[in-house]
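Participant: Sharing a structure here in structure tokens format.
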Amino acid sequence: MKTLTEKDFREMNWKNGKGRTLELIRLSHPHDPELFSLRLSIASMKESGPFSHYPGIERSIILLEGKGVVLDFVDEIKMHLNEPLKPIQFAGEEEIEAKLIDGPIREFNIMAARDCVEAYIHVHKKVPKIQLGGEDDHYCYIVEKNELIILGPGEKSDLTSKDGLTVIDVRVKKKKGP
């Protein structure tokens, strides 16, 4: 088990240049090291505007702080991210205009390359007992402490004694090659 804190994270500009992200973890894509297979990050959104395009990426976002945002898709679908800690999911290649509801927000982002990984997200109000079998990787983001815990296959967490924390639990399953 490995624990990362804010000093281990990297702050960077958004792909569209309209904001900044705190990158928690980035796993290189197996076919192109310039791309990622998985990226977990926290973004602070201070103004409305377009979302960056990420073709081939499945995106999930979770509201951490603020009133929320409405995502307007080109095909007239609207998604509301206004319920804290409830994930929404969409395709990274979608053209989306984001409209803040009432002031800035802070959000947790999960981006997974569809061709090589699947990400499963659960939010726990109490720290679950976590043990992995098989070949899944596991990432727990503890909201109140801004920590990311990384568990590999077969590892267990020792978080069970810490009740009252909110944990965003991301399990990543690598897809088998052709």
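Every number here is computed from the coordinates shown, using simple stated rules; none is lab data. Just so it is clear, the structure is predicted and the values come from calculations on it, not from any experiment. A quick note on method: Cβ atoms are made from the backbone with ideal geometry, for glycine too, and the neighbour counts reach across all protein chains shown.
Participant: So between residue 145 and residue 26, what do we pick up on full extension, going 0.36 nm a residue minus the alpha carbon distance?
Facilitator: 40.8 nm
Participant: Sticking with this structure for a sec: Residue separation times 0.36 nm, minus the C-alpha to C-alpha distance between residue 75 and residue 47: what's the value?
Facilitator: 7.8 nm
Participant: Just order 56-69, 28-41 by mean Cβ neighbour count inside 10 Å, highest at the front, would you?
Facilitator: The packing order, highest mean first, is 56-69, 28-41.
Participant: So how far, in whole Å, is the C-alpha centre of the range 1-59 from the one of the range 94-123?
Facilitator: 10
Participant: If I model a spin label at residue 15 and residue 115 as a point 7 Å from the Cα along the Cα→Cβ vector, what separation in nanometres do I get?
Facilitator: In this crude spin-label approximation the distance works out to 1.4 nm.
Participant: Label the range 81-130 by shape, choosing from rounded, prolate and oblate, from the square roots a ≥ b ≥ c of the eigenvalues of the Cα gyration tensor; if a/c is under 1.5 it is rounded, and otherwise prolate applies when a/b is larger than b/c, oblate when it is not.
Facilitator: Numbers: a/c = 3.15, a/b = 1.12, b/c = 2.82.
Since a/c reaches 1.5 but b/c is at least a/b, the shape of the range 81-130 is classed as oblate.
Participant: Please compute the Cα-Cα pair-distance distribution of the chain with 10 Å bins starting at 0, giving whole percents from short to long.
Facilitator: Using 10 Å bins, I get a P(r) of 9, 38, 37, 15, 1 for the chain.
Participant: Grab the beta carbon distance between residue 122 and residue 65, set R0 = 25 Å, and tell me the FRET efficiency rounded to 0.05.
Facilitator: 0.80
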